[in-house]
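Worksheet: one structure, shown below.
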Amino acid sequence: MTATTRTLGLDTFGDVPDSAGQPDGIRLLVEQGVHAETAGVDYFGIGEHHTAEMPLSAPDLVLAAIAARTERIRLGSAVTVLSTDDPVRVFQRYATLDALSGGRAEVILGRGSSTESFPLFGFDLADYDELFAEKADLFALLREEKPVTWTGRFRPALDGIEVFPHTTSGALPTWIGVGGTPLSVVRAAQHGLSLMLAIISGPAARFRPFAELYRQTLQHTGLPDLPIGVHSPGHLADTDEIAREEFFPHYLDAFGRAARQRGFRPPTRESYEQEIGPRGALYVGSPETVATKIAATLRQLGATRFDLKYGMAGLGHESLLHAIDLYGREVAPRVRALLSTH
């Protein structure tokens, strides 16, 4: 890796800030995306969700608004739940974003760790794996921007149909988001798609076998090396103590709610302290602390990109803008400096 290949991005799920309703929260999100470019951030991603706390059901529309007010920053999804969407429409929406942004669009495709979109759009969770596998196969064909002939179970067949618009580069940059499924790692490599490791708990080192499997599959398939990225949550403030205390109650509320819905162990102060430590998955602290931890993670996994999932429902807008500033102006340069010396 060289310093010029390292990308430092920000992701959000559109968590509604403190004292803001859903419409105001979406408008403030546009301001945050614009501010990210000002701060020097490389990438700004918005993840699809369908809840009251995260009402970002149409991220591409918000990204288009950000694209109209920015010139440099790359824009895309933090995750698009391909399993419950139509691959043709996903490609068309992000190809349109690519045109509006002058070739700055990307997309990260996922199976959906949050499953609220399945009943919303009439899909059966029993088809969870098959849905994603079939739709990822089709999306990989659509990226070639040639007439497509394809038959599957979950959407009508295509017989020599070309899908428009085409993109600026001729191949929409596409990642597969993986949270713990080796088959998704293999699928990403076989389709020639980049790998985004979603690490939300535990040490990053446990994902090293996934990174190795991805590289081995690329080699076996005869494809060149492709980027590996990491997506993890966190929060920045001027000091470690301020960041940890600002973030904790909102983290406890959000992950406690998810634990009740999905049946895993709810977080505690003790587990939070472990996760913000050197071996945990939360990147919470001062710019120096967070940069040191990001650099260590990228080095461990041989990754070239890190996207910090900033924000949590209830955090204030001004606090989020300050965190964006610290990330772009202080964390990103520190990470590059740390990695350039090794």
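The values are calculated or read from the model by the stated rules, or taken from the named source; none is laboratory data. All values reported here derive from a predicted model rather than from experimental measurement. Ideal geometry is used to build each Cβ from the backbone, glycine not excepted, and the neighbour counts take in all protein chains shown. For the accessible areas, the whole protein counts, side chains as well, though only heavy atoms, and no ligand, DNA or RNA atoms are used. Shrake-Rupley method; radii C 1.70, N 1.55, O 1.52, S 1.80 Å.
Before moving on, here are some points about what is shown:
- Principal axis box of region 259-317, alpha-carbon based, largest edge first, Å: 34, 28, 20
- For the Cα trace of region 1-122, dividing Rg by the Kirkwood Rh returns an Rg/Rh value of 0.97.
- Based on Cα contacts under 8 Å between residues 6+ apart, the chain shows a relative contact order of 21 percent.
- In the full protein context, region 216-332 carries 44 Å² of accessible surface per residue, based on a 1.4 Å probe and ignoring ligands, DNA and RNA.
- Of 310, 272, 283, the residue with the greatest mean-square motion in the GNM of the chain, using alpha carbon springs below 10 Å, is 272.
- Per-residue ellipticity at 222 nm computed for the chain from its helices equals -14000 deg cm²/dmol, with DSSP H segments shorter than 4 residues left out and the rest contributing -39,500 (n - 2.57).
- Pairs of alpha carbons in the chain whose separation is greater than 35 Å (percent): 17 percent
- Fluctuation leader among 37, 318, 134 - the chain, Gaussian network, Cα springs under 10 angstrom: 318
- Modelled FRET efficiency - R0 35 Å, residue 120 with residue 206, Cβ distances, 0.05 increments: 0.60
- Sites residue 92 and residue 18 - FRET efficiency at Förster radius 25 Å, r taken between beta-carbons, to 0.05: 0.10
- Cα gyration tensor category, rounded, prolate or oblate, for region 23-70 with a/c compared to 1.5: prolate
- With every protein chain in place, region 254-342: carbon and sulfur % of accessible area (1.4 Å): 54 percent
- Portion, in percent, of the accessible area of region 1-110 that falls on carbon or sulfur, probe 1.4 Å: 53 percent
- Three-way shape call for region 212-342 based on the alpha-carbon gyration tensor, with the a/c threshold at 1.5: oblate
- Across all Cα atoms of region 77-121, the radius of gyration (one decimal) and Dmax (whole number) stand at 11.5, 36 Å.
- Dimensionless Rg ratio for region 181-277, taking C-alpha atoms and the 2.2 N^0.38 Å reference: 1.36
- Residue among 256, 76, 311 with the largest mean-square fluctuation in a Gaussian network model of the chain, springs linking Cα atoms under 10 Å: 256
- Calculated on the Cα set of region 105-212, radius of gyration then Dmax: 15.2, 46 Å.
- Here residue 309 is the anchor, and the lysines within straight C-alpha reach of less than 30 Å, apart from those fewer than 8 places off in the same chain, are 135, 293.
- Nearest-ten-degree value, helix 22-39 long axis tilted from longest Cα axis of the chain: 80 degrees
- The distance from the alpha carbon centre of region 297-342 to that of region 145-169 is 37 Å, rounded to a whole number.
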